[in-house]
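What follows is a single structure, written as structure tokens, with notes after it.
The values are calculated or read from the model by the stated rules, or taken from the named source; none is laboratory data. Keep in mind that what you see is a predicted model, and the values were worked out from it rather than measured. Note that we place each Cβ from the backbone using ideal geometry, even for glycine, and neighbour counts take in every protein chain shown.
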Amino acid sequence: MATFFGAIADDFTGATDLAGLLARSGVPVSLRIGLPTHPPEGTAPIEIIALKSRTAPVAEAVSETRAALAWLRAAGAKRFFWKYCSTFDSTALGNIGPVAEALMADLGTDQTIYCPAFPENGRSIFMGNLFVGEQPLAESPMKDHPLTPMRDSNLMRLLAPQVSRPVGLATRLTVAKGALRERMAKLAAQGVAHVVVDAVSNDDLTLIAEACQTMPLLTGGSAVAMPLPGLWQRQGFLPLQDATPFHAPAGPAIVLSGSCSAMTNRQVAAYLADGHPALQLNPLDLATHGADHALAWLAAQSPQSSPLLYATAAPEAVRAAQAQLGADHAGQLVEKTLAACAVAARNRGTRRFVVAGGETSGAVAQALGITRLGIGPEIAPGVPWCAAESDGNAVAITLKSGNFGAEHFFAQALGMLMP
Ligand code: ADP
């Protein structure tokens, strides 16, 4: 069956998150890492393209995303999704709005929705304000994110400066009483192109998906897309199918963590408490001594010990490193080092990779030369194991977005795979 649904994600963990939720339907999901270099051939019913465009300059993000859209259209896709983080990660000069407007222009559509809610992971939207658990976004640990600190919780206020056309709201009350379609039409008549849509539960997401399923472009977190395959299966646009079984290749494992999110800090602490060998990377040391120390340390560990390399640190330590090096440079030093360690591990036979952090995952996947992922079982909501090929070797890899997963995520991920 030809491709029907095409999605573009602004980072790699976001793409695997979306892929994991869509794969719950049993429909085969294919995920491309980076813009495909070949024209589409033998594509899956659901195709996702993972970009690393969240913090890229706007013009670059727009042109890459438009190219991805063109590829998905050439693959035959009829409905499109622009996926960003469920914490709406973006700087004030960010890419979410400009990319959405460019996609709307290319698709010739006048309206889209913005719904980053992910109730299973504690992200909800009420009256246009995004909450992380019980806290407004701007009071949550996201206020200290190394690259995209979120200092406002109101999605309309965050979005308005990024777009040229009016922004509006469809509240939870409208969604829950099944009146979203009418509200969208009313806003469209007023010229409102960008509609933030409240959602606090999976039932809300189902109602939103039902109301918006014929729109050419939807935007949001992964969760609002989750009900779409089921709706389209019933209409014959997507095949009814059982997911293909997932076989992880045998071989040692490594955990690489470049995320400084609050949950990742807890996950690293839990893994350290389990007694695995671990090395903490400090951007200030990396700036003077490079990656050699980390590579030498890794070479000295038994591959069977599932070692951990992490730059994960508390907000004060991140700020200190950034004050000396600049946020971008500090981030790149960490990303490059973890990527080099991933390659060294693969070269000595490691076949299972647990990676924490969106940007970090992008760097690691790129260094491993991974261009396509098959989606396997979810370890935690929005975090599936994936099958890939790296330098001719079958590998299993999971790309975990900062705040996803529970405290024992690393051990849980490794424990899911057969020895
Ligand atoms: P998340 O998914 O939690 O947002 P990311 O990998 O997307 O994680 O972003 C974290 C960024 O912070 C990366 O660019 C990473 O290299 C950088 N980083 C990691 N550790 C440190 C540190 N100790 N100091 C400064 N920056 C860091």
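How many residues, within the stretch 56-79, are buried (at least 21 other Cβ atoms within 10 Å of the Cβ) and either at pLDDT below 95 or closer than 30 Å to ALA138 by Cβ (or both)? Residues meeting the conditions: 3. Sub-7 Å Cβ pairs linking a first residue in the stretch 135-150 that is outside the structural domain of ALA317 (by TED's automatic domain parsing) and buried (at least 17 other Cβ atoms within 10 Å of the Cβ) to a second residue that is among the polar types (S, T, N, Q) and assigned to a helix (DSSP H, G or I), at least 6 apart or interchain, are PRO146/GLN322, ordered by first then second residue. Residue pairs whose Cβ atoms lie under 7 Å apart, sitting 6 or more positions apart in sequence or on different chains, and linking a residue in the stretch 391-419 that is at positive phi to a partner that is at pLDDT below 95 and surrounded by fewer than 17 Cβ atoms within 10 Å (Cβ to Cβ), do not occur here.
Just so you know, in the stretch 17-46 the residues that are under 15 Å from the mean Cα position of the chain (by Cα) and among the charged types (D, E, K, R) include one that is nearest to GLY230 (Cα to Cα), and it is ASP17.
When THR288, THR312 are screened for being more than 13 Å from the ligand (Cβ to nearest atom) and not assigned by TED's automatic domain parsing to the domain that holds THR55, only THR288 passes. Here ALA250 clears all of (1) free of Cβ contacts under 8 Å to residues at least 60 places away in the same chain; (2) part of a loop (DSSP other than H, G, I, E, B); (3) not acidic (Asp, Glu) except the condition numbered (1). For a quick check of your reading of the model, give me the residue pairs whose first member lies in the stretch 314-327 and is in contact (Cβ under 8 Å) with a residue 60 or more places away in the chain, whose second is more than 10 Å from the ligand (Cβ to nearest atom), with beta-carbon atoms closer than 6 Å and at least 6 apart or on different chains. Short answer, once both residue conditions are applied: PRO315/ASP144. Checked against (1) touching a Cys at 6+ places or on another chain (Cβ under 7 Å); (2) more than 22 Å from PHE353 (Cβ to Cβ), GLY14 passes all but condition (2). If you scan the stretch 328-384, which residues turn out to be touching a Ser or Thr at 6+ places or on another chain (Cβ under 7 Å), away from the ligand (no atom under 16 Å from the Cβ) and part of a helix (DSSP H, G or I)? If the condition is that a residue be touching a Ser or Thr at 6+ places or on another chain (Cβ under 7 Å), away from the ligand (no atom under 16 Å from the Cβ) and part of a helix (DSSP H, G or I), then ARG346 is the only one that fits. Residue count for the stretch 118-132 under the criterion of being without any contact (Cβ under 8 Å) to a residue 40 or more places away in the chain and within 16 Å of the ligand (Cβ to nearest atom): the result is 1.
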